[in-house]
Structures are given as C-alpha cells and as structure tokens.
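Following: one structure in structure tokens, then a few remarks.
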Amino acid sequence: MALTDNPIPEADPSDAELARQESWVVDAVEVLYGDRTDVAERFVHHLVTTGIEWGLLGPREIPKMWDRHVLNCAVVQELLPKGALVADVGSGAGLPGIALAIARPDVQFVLIEPLERRVDWLEMVIADLELENVDVVRARSEQVFETVDVDIVTARAVSAMKSLVPMTVPLLHGTGELLAIKGKSAANEIEKADKVLRTFKTKNSEVLTVGDELLAVATTVVRLTYGS
C-alpha cells in the first residue's frame, strides 16, 4: 500500500483547548501559570496552528500538547532562582524556553536557535504574547560562547549528554547549572558522558524528577553544576 493511500487525518486544533483537557491538566495549568494562564493558552494555540503550519511540530502532537510538551517543560520553573539569566539552547518551538518564560516573568531568557524559520516563528510568537523577558539569538550555541554569559542553560530534545555538555556548558563561563530535560535514559546518558563531565570540570551531576504531584508522568531533569 502506498503512503498516500493512508494519509494522516487532518488535525483539529480544538483538541488542544484547555477546556477539553483532563481535570488534572486543568489543575496543573492553574498551579503553574496562575494569572498568566491566558498567555499560556495563546502559546498553545500558536503551537497547534502556526507551529504545525511552519513545520515545527507534527499534527499528531496536538492532543498531547499540554501534558507531553508545555506542562512537561513548565514544571522545571521550580529549579530557576528569581532573577536568573537563562539560555535555552536549540529552542525550536519555544520548549522549554517560552513555556518557562510565561510562567516566570521574573527570569530573563535568551533563546538560541540556528534555523531561520524557527527564529522567525519564535519572534512572531514572543511579539504576540508580549513577552518582555525573552530575546532570540539566531546562532549555533558554539558561535555565542564569548558573547552570552548566563546563570543557567536549559535544553530539551537537543542531544545526548556527551554531546550536549560541550555545546552548552561554555555559556556558563565557569559557574552555573545545565538543566537538561530528559527521559528514562537520563542516568545512562550521564554514565556515558563521564569523560566529558570530567573534562568540563562538572562539580555535581544528578537526575531529578519534578512535577510529581502535578503531572501524570513527572519530568526528568539532568542537573549539572559548575563553579564554587
């Protein structure tokens, strides 16, 4: 059978409407976003419309946009200290960068993304959501090692730890944390990255779970610490 004989059904953006989500999703959104829930809803609307149209996400992701993507990222906010400067490497569709920036207007974010199409989309969404705590830099992270100096680097679905560390840790300039959203392979990735962690003088590495009390599946985060 040819692929064209069994096309993917057209996705319905209404499948991602908050009012149609399970009760635990609605409760989690209220806890994580509070009076900024309307901004988070507008972000999700972009993800399931323009995000799909621009090719940043696939239509099959629409029904799980809240729980699998936005909330999966939003719970990481508890690891961000007030007033921190955060670089989100390989920001793509603003996950986790924009999802976190909406929840934490007290934290400044720099989204680092090399692809022009994604950068254009990010800038469009940031302008529409009127986010004053987010900037976008079109570059590979390695190209801005000398000009970007942050407290925390975040990354999601970018690369395995042994490759991710060299492309992110230099942005900390010796002091700070890398927060990498990972899956079940997190501990194994740390083990495989042992030589790289030692090369970059990693002070501490740990696997955390956040959102245990809010999400159906807690978010796994690898936290690497640098400096004194």
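A cut-off of 5 Å between modelled amide H atoms, ignoring neighbours fewer than 5 places along the same chain, links V134 with F109. Restricting attention to region 75-226, close to 45% of DSSP beta bridges with both partner residues there are antiparallel. Taking 0.36 nm per residue of sequence separation and removing the Cα-Cα distance, the E142/A157 pair yields an extension gain of 3.6 nm. Computed from phi, the 3J(HN,Hα) profile of region 208-217 under the Karplus parametrisation 6.51, -1.76, 1.60 (θ = phi - 60°) reads 10, 10, 10, x, 3, 8, 10, 9, 5, 10 Hz, with x in place of Gly and Pro. Centre-to-centre separation between the Cα atoms of region 42-82 and those of region 208-228: 18 Å. Here the Karplus curve 6.51 cos²θ - 1.76 cosθ + 1.60, taken at θ = phi - 60°, turns the phi angles of region 170-179 into couplings of x, 5, 8, 6, x, 9, x, 9, 9, 10 Hz, with x standing for Gly and Pro. Sorted largest first, the spans of the alpha carbon positions of the chain along the three principal axes are 51, 48, 34 Å. The label point for A187 and the one for L115, both projected 7 Å from the Cα toward the Cβ, are 3.3 nm apart. Helical runs (DSSP H, four residues minimum) scored at -39500 (n - 2.57) apiece and divided by the length of the chain put the mean residue ellipticity at 222 nm at -8500 deg cm²/dmol.
The lysine pair count for region 75-226, using Cα distances under 18 Å and pairs eight or more places apart or on different chains, is 11.
Note on E213/T37: beta-carbon distance plugged into 1/(1 + (r/R0)^6) with R0 of 22 Å gives a FRET efficiency of 0.75.
For D88, the residues whose amide H sits under 5 Å from its own are V110, L111, I112, T154, ignoring neighbours fewer than 5 places away on the same chain, with H placed 1.01 Å from N. For the chain, with a Gaussian network of springs between Cα atoms less than 10 Å apart, report the residue from L32, L122, L57 with the top mean-square fluctuation. Among L32, L122, L57, the largest mean-square fluctuation in the Gaussian network model of the chain belongs to L57.
Entry for region 4-89 at q = 0.14, 0.24, 0.25 Å⁻¹: log10 I(q)/I(0) = -0.55, -1.25, -1.30, Debye formula applied to identical alpha-carbon scatterers, no solvent contribution. Working from label points 7 Å from Cα in the Cα-to-Cβ sense, the T49 to N204 distance is 4.5 nm.
Values quoted throughout were computed directly from the atomic coordinates according to the rules given, and no laboratory measurement underlies them. No experiment lies behind these values; they were computed from the predicted model shown. Note that we place each Cβ from the backbone using ideal geometry, even for glycine, and neighbour counts take in every protein chain shown.
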